[in-house]
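Taking it in order: structure first as structure tokens, then the write-up.
The values are calculated or read from the model by the stated rules, or taken from the named source; none is laboratory data. Values in this document were obtained by computation on a predicted structure and should not be read as measured data. Reconstructed Cβ throughout: ideal geometry from the backbone, glycine too, with neighbour counts over all protein chains shown. We work out accessible area using only protein heavy atoms, side chains counted, and drop any ligands, DNA or RNA first. Shrake-Rupley method; radii C 1.70, N 1.55, O 1.52, S 1.80 Å.
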Amino acid sequence: MIQVPELPKRPSVADFGERLRFPAVRRRCAAHLLCGAMLAATLAHGTVALAVMAGAEPDSPASRVDPNFAASTWASVGSVVQSGNPYTGVLISRHHVLTAAHVAGDDPAKVAFVLNAGGDASHHLAVKAIHRHPEWKGFDPKKPNDDIAILELAEAAPAQMLIHPIVTGGLRQGMEFTAVGYGASGHGDVGATVASTATVKRVGRNNVDRLIPDETVPGRIEGFMFDFDGGGYNFLGGDGLGNDVETTFAGGDSGSPSFIHAPGGWALFGINTFIMSFPDGPTKSSTFGTGGGGMIVAAYREWIEQVVRSTMPAANADFVPPRWLSVPAAGVTCAGTGKSCGDHAPAHHARTHRP
């Protein structure tokens, strides 16, 4: 894992738009945990999703853009275009895309996966089927867990595509992660002002400030959360990464991946699904002093493997299933507790709303 250096506090924000509840956050987040995408009327396309934010000037949304090169480290991150609205997803095999359940939609004919690997919209891939996690029952302000889905592609992604492994251990509070999304952007002291698009992805980093336990499986970590440091705000503690590095989510970033640097290179760690606000903190989405988080992919390994096995292309000797990278476990403390994950943690209720 990357050790976070001591740098000046700085922000960058990406926003989702549903407020939700997670267990064990009463102490620090007696607030509004947002889970979804909430840019609505302020964006030209009028939809809600999430995108990677920049810090205050002189940082800018343009400085966060990852060029659409085939050789990009993040070429496997594409735009999930649902009914014309851009969200985000990531390839876990040439035939499967991982994204958020709340953006997947119901009709595969209305969903496409757009890659920008070698140019704008270099590959436009149809979706054959949508597989939401079975415990996802639609947005529930009291239970935002399990917001994860797999898109089964009708055709394979390019053979040369770099698809990152999924990390299965070594998670710890304070570790640095990199988020990549097609959401809206703007400055952390202002909010989102640049609309999301299916051909522009941005990159930013933050630290995992809290790991969140599964509500039903003792000892398993299911979610993560962070705050967007800047403007004098730092609700969850820890060191900020600096104005031109730290980020959060915004409309269009729903379903976007977060990666960590593990032994051997980059590995997929999370699917970004929510934003949040804190008590007595700013309420405008994707600004300094707000926060966000998502699902930890490894918590859903059994389900992911079951979906992949059941949808594996017939007689395809070239099919490569998702790769799992085991990293030695680190001591972790769950959100709002001084105990390891799996210990009982009180639930916290927060105002919620779905896009």
- Note on the structure: Counting only residues in segment 309-329 that are open to solvent by less than 60 Å² (accessible area, probe 1.4 Å) and within 21 Å of the chain's Cα centre (by Cα), the one modelled with the lowest pLDDT is identified as Val327
- Query: Any idea how many residues of segment 62-103 are touching a residue at least 24 places away in the same chain (Cβ under 8 Å) and either over 18 Å from Ala154 (Cβ atoms) or hydrophobic (A, V, I, L, M, F, W, C) (or both)?
  - Reply: 28
- Message: Considering only residues that are open to solvent by less than 40 Å² (accessible area, probe 1.4 Å) and closer than 18 Å to Thr88 by Cβ, which ones fall in segment 121-135?
- Response: Leu125, Val127, Ile130, His133
- Item | Tally of residues being touching a helix residue (DSSP H, G or I) at 6+ places or on another chain (Cβ under 9 Å), part of a strand (DSSP E or B) and polar (S, T, N, Q) across segment 82-99 | 3
- If you check Ser256 against the conditions, is it small (Gly, Ala, Ser), more than 20 Å from Ala179 (Cβ to Cβ) and either without any contact (Cβ under 8 Å) to a residue 40 or more places away in the chain or touching a Ser or Thr at 6+ places or on another chain (Cβ under 6 Å) (or both)? no
- Message: Going by what's in this entry, would Val103 be described as under 19 Å from Gly183 (Cβ atoms) and modelled with pLDDT under 95?
- Response: yes
- Could you grab the pairs with beta carbons closer than 7 Å, sequence gap of 6+ or different chains, first residue in segment 217-243 and at pLDDT 85 or above, second one of a type in the set (Val, Ile, Thr) and in a loop (DSSP other than H, G, I, E, B)? Ile221/Val332; Phe224/Val208; Phe226/Val208; Phe228/Val13; Phe228/Thr248; Phe228/Thr290
- Give the number of residues within segment 274-324 that are polar (S, T, N, Q) and within 28 Å of Ser196 (Cα to Cα). 6
- Task: Would you point out the residue of segment 246-266, among those that are over 11 Å from the mean Cα position of the chain (by Cα) and at negative phi, that is surrounded by the most Cβ atoms within 10 Å (Cβ to Cβ)?
- Result: Gly251
- Task: Among what's in segment 100-120 and is small (Gly, Ala, Ser) and assigned to a loop (DSSP other than H, G, I, E, B), pick the residue that is most open to solvent (accessible area, probe 1.4 Å).
- Result: Gly118
- Message: Taking the criterion of being of a type outside the set (A, V, I, L, M, F, W, C), in contact with a Leu (Cβ under 6 Å, 6 or more places away or on another chain) and not in a loop (DSSP other than H, G, I, E, B), would at least one residue in segment 248-267 satisfy it?
- Response: yes
- Check Pro279 against each of (1) over 22 Å from the mean Cα position of the chain (by Cα); (2) modelled with pLDDT under 85 and name the one condition it does not meet. (2)
- Task: Could you please find all residues in segment 145-203 being among the hydrophobic types (A, V, I, L, M, F, W, C), open to solvent by 10 Å² or more (accessible area, probe 1.4 Å) and in a loop (DSSP other than H, G, I, E, B)?
- Result: Ala154, Ala156, Ala159, Met161, Leu162, Ile163, Leu171, Val190, Ala195, Ala198, Val200
